[in-house]
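Worksheet: one structure, shown below.
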């Protein structure tokens, strides 16, 4: 009688073969994206490879704890990068939820409107995206990572292979980990991929928060609320507005909340 391979073993072998196939396609996509001269742009290259592998319109990568401390690393396109900044400006969104709960978040436009109305409005006004899938991609040197997938047609979200997307996220996290170990570190401290253009722009937000705290005598969270409200009222992102505050082009005293309320000051 011919020996039968146990079903669990066959399933494991099939799973291994599938993982190898995904890794091979991701490597091929990565090889198809020109390697940047600046190691700070590694996340941009990885995001573009993710978009090619998964067949989505945009991909954004970020790290850090949920909410205020999130740092964008890079995105596959300028529009995908803008979508992350809009999400940060709104204050909440799928990426924040994925990082907070370490679970995938699937959001068609109706879900975005119901759960994160401010972000949904900004996304519809400034980008062609109408659905977002946010996936945790594991720990990095800078904290838990997340990958946002952006869709222009929300009806295509069910076509996404979640196993494949999670595997691509793991491969991306592994690539960042390899760069942490083997690539030269930035003079600013940490791996170069932590100091790309998107991360530097977000760093200006923390500096601008300090300006608002000192000028308005607010808590840090209240100062960020002021920046977010002022950015939304002027049709800008917090990152853009923060650059003007730090450069002295905008006086922190002139940043008023659109509802006219004065933020709570320190006791």
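The values are calculated or read from the model by the stated rules, or taken from the named source; none is laboratory data. Because the structure is a prediction, the values reported are computed rather than measured. Here the Cβ positions follow ideal geometry from the backbone for every residue, glycine too, while neighbour counts run over all protein chains shown.
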Query raised in the report: Looking only at region 212-223, which residues are at pLDDT below 95 and either within 20 Å of residue 82 (Cα to Cα) or touching a strand residue (DSSP E or B) at 6+ places or on another chain (Cβ under 9 Å) (or both)?
Result: 216, 217, 218, 219, 222
**Report entry** Residue count, region 155-187 (criterion: at pLDDT 95 or above and over 21 Å from residue 103 (Cα atoms))
**Finding:** 1
Requested in this report: Could you look through region 236-259, keep only residues that are surrounded by 20 or more Cβ atoms within 10 Å (Cβ to Cβ) and in a loop (DSSP other than H, G, I, E, B), and pick out the one that is modelled with the lowest pLDDT?
Outcome: 255
Query raised in the report: If you go through region 195-205 one residue at a time, do you hit one that is farther than 17 Å from residue 84 by Cβ and either assigned to a helix (DSSP H, G or I) or in contact with a helix residue (DSSP H, G or I) (Cβ under 9 Å, 6 or more places away or on another chain) (or both)?
Result: no
Requested in this report: Could you please tell me which pairs satisfy a Cβ distance under 8 Å, a separation of 6+ or placement on different chains, a first residue in region 118-134 that is surrounded by fewer than 22 Cβ atoms within 10 Å (Cβ to Cβ), and a second residue that is part of a loop (DSSP other than H, G, I, E, B) and modelled with pLDDT under 95?
Outcome: 118/91; 118/92
Requested in this report: Would you point out which residue out of 107, 80 is in a helix (DSSP H, G or I) and buried (at least 18 other Cβ atoms within 10 Å of the Cβ)?
Outcome: 80
Query raised in the report: Quick check, is residue 87 modelled with pLDDT under 95 and in a helix (DSSP H, G or I)?
Result: no
**Report entry** Checklist (1) out of contact with any helix residue (DSSP H, G or I) (no Cβ under 8 Å at 6 or more places or on another chain); (2) in contact (Cβ under 8 Å) with a residue 60 or more places away in the chain applied to residue 101, failing item
**Finding:** (2)
Requested in this report: Only residues that are part of a loop (DSSP other than H, G, I, E, B) and buried (at least 19 other Cβ atoms within 10 Å of the Cβ): list them for region 135-159, please.
Outcome: 142
